[in-house]
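All remarks here apply to the structure that follows.
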Amino acid sequence: MPLLSTTDLAAPLTPDQALARAETLVASAICPALPDLGVRQWAADYRIRNDDRALGIPLYGRRRLGPMILRYWPITGLTLVSQDGTDLTSQCAFDTFTVRRDALAPEFQPLSTVHVEFQTGWTAENLPHAVREAILLTAREIQAVPEGVSSKRIGDVQVTFERSVSASGIPAAAQTLIAPWRFLGA
């Protein structure tokens, strides 16, 4: 038994539905694990290991914790960084993709556990202009071209729709706008 019915497909999207779909598409294009663009709190634990070191090379810690460890981005706030229970938040900084120790602070110690609590997302007041514009472009594209329709004919006039969207479902112009918040290694 399908979860949806044909009546769900027949009606065109309202502007609110188009905006909601556009926000979801932009959020997943920025970070595949991100459910939406709203402010969310996340926590990650990472055990600093001695990986990728040849025999005879001394143990060194790690200075950065990146997207492969934290799994969510763009990082918009840092709440707590602790190493084996010791608070190191004042010695750490963050950027869009990483949490890192300050230049004058030592590395995270090898063979220790680092706990990070951080936030992602924005409120309506502090949403970056480029992300807002990407959402609007995507919503306009969703409304302008009906889903599954590539052309229509009215009398002697035939209109063919050319979708400028990629596999992610958002227009190329919107992808360009959100490029600073996308991690290409994921």
Suppose we filter segment 83-118 for residues that are polar (S, T, N, Q), in a strand (DSSP E or B) and surrounded by 14 or more Cβ atoms within 10 Å (Cβ to Cβ); how many remain? 2
Filter result for Leu80 (open to solvent by less than 70 Å² (accessible area, probe 1.4 Å) and at pLDDT 90 or above): yes
How about segment 93-112: which of its residues are in contact (Cβ under 8 Å) with a residue 40 or more places away in the chain, among the polar types (S, T, N, Q) and closer than 14 Å to Gly77 by Cα? Thr96
Of (1) exposed (fewer than 14 other Cβ atoms within 10 Å of the Cβ); (2) under 19 Å from Leu37 (Cβ atoms), Trp122 satisfies every one except (1)
For Leu88, the lone unmet condition from (1) at pLDDT below 95; (2) within 24 Å of the chain's Cα centre (by Cα); (3) on the phi < 0 side of the Ramachandran plot is (2)
Can you find even one residue in segment 125-142 that is open to solvent by 60 Å² or more (accessible area, probe 1.4 Å) and in a loop (DSSP other than H, G, I, E, B)? yes
Please tell me if Ile48 is modelled with pLDDT of 65 or more, open to solvent by less than 50 Å² (accessible area, probe 1.4 Å) and over 30 Å from Ser112 (Cα atoms). no
Qualifying residue in segment 113-133 (condition: modelled with pLDDT under 90 and more than 15 Å from Ile75 (Cβ to Cβ)): no
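The values are calculated or read from the model by the stated rules, or taken from the named source; none is laboratory data. This one's a predicted model, so the numbers in the text were calculated from it and none came from an experiment. Every residue, glycine among them, receives a Cβ derived from its backbone with ideal geometry; neighbour counts consider all protein chains shown. Please note that ligands, DNA and RNA were not included when accessible areas were found on the heavy atoms of the full protein model with its side chains. Shrake-Rupley method; radii C 1.70, N 1.55, O 1.52, S 1.80 Å.
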